[in-house]
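Scroll down for the structure; my scribbles are underneath it.
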Amino acid sequence: MILDALLEHSSLAVGELETCTGIGQPTLSQQLGALRRAEIVVPRRESRTIHYSLASEEEALRARALIGLLRGDRAALPACVLSPSVMRPAIAPPPSGRRKVVPSSP
């Protein structure tokens, strides 16, 4: 919800994020802290107000892809996510195509 709001508005004050998302201030602060530590969002102080925005265009792209996946909306996914040539298995099988058998200890 936070990422979705920041994608829609680009930069929001904490109070505006609270209104947009319906997340209470204590929970919102914890979640913003986690997003800040992960360098997904960046804070900007303006007088006594802190505004948050996505850290980069790459983070915005990742957020759009994640939200698209969660909603099952393939149209929201970037083309590189949908391209089979980009997808690779997480663990490649051994070159021979056979699985390596490790002998068990007696």
**Prompt:** Any idea how many residues of segment 47-57 are surrounded by 10 or more Cβ atoms within 10 Å (Cβ to Cβ) and either without any contact (Cβ under 8 Å) to a residue 12 or more places away in the chain or over 13 Å from residue 5 (Cβ atoms) (or both)?
**Reply:** 4
**Message:** I'd like to know if segment 66-82 contains one or more residues that are among the small types (Gly, Ala, Ser) and at pLDDT 90 or above.
**Reply:** no
**Item:** Subset of segment 9-20 that is over 14 Å from residue 35 (Cα atoms) and touching a residue at least 12 places away in the same chain (Cβ under 8 Å) - its residue that is surrounded by the most Cβ atoms within 10 Å (Cβ to Cβ)
**Value:** 12
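For (1) closer than 22 Å to residue 69 by Cα; (2) more than 15 Å from the chain's Cα centre (by Cα), each residue gets a yes or a no:
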| residue | (1), (2) |
| --- | --- |
| 3 | yes, no |
| 12 | no, yes |
| 18 | no, yes |
| 21 | yes, yes |
| 27 | no, yes |
| 34 | yes, no |
| 39 | yes, no |
| 42 | no, no |
**Request:** With the checklist (1) over 15 Å from residue 3 (Cβ atoms); (2) touching a residue at least 60 places away in the same chain (Cβ under 8 Å); (3) not acidic (Asp, Glu) in hand, flag the one item residue 63 doesn't pass.
**Result:** (1)
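The values are calculated or read from the model by the stated rules, or taken from the named source; none is laboratory data. All figures in this text were calculated on a predicted structure; none of them were measured in a lab. Every residue, glycine among them, receives a Cβ derived from its backbone with ideal geometry; neighbour counts consider all protein chains shown.
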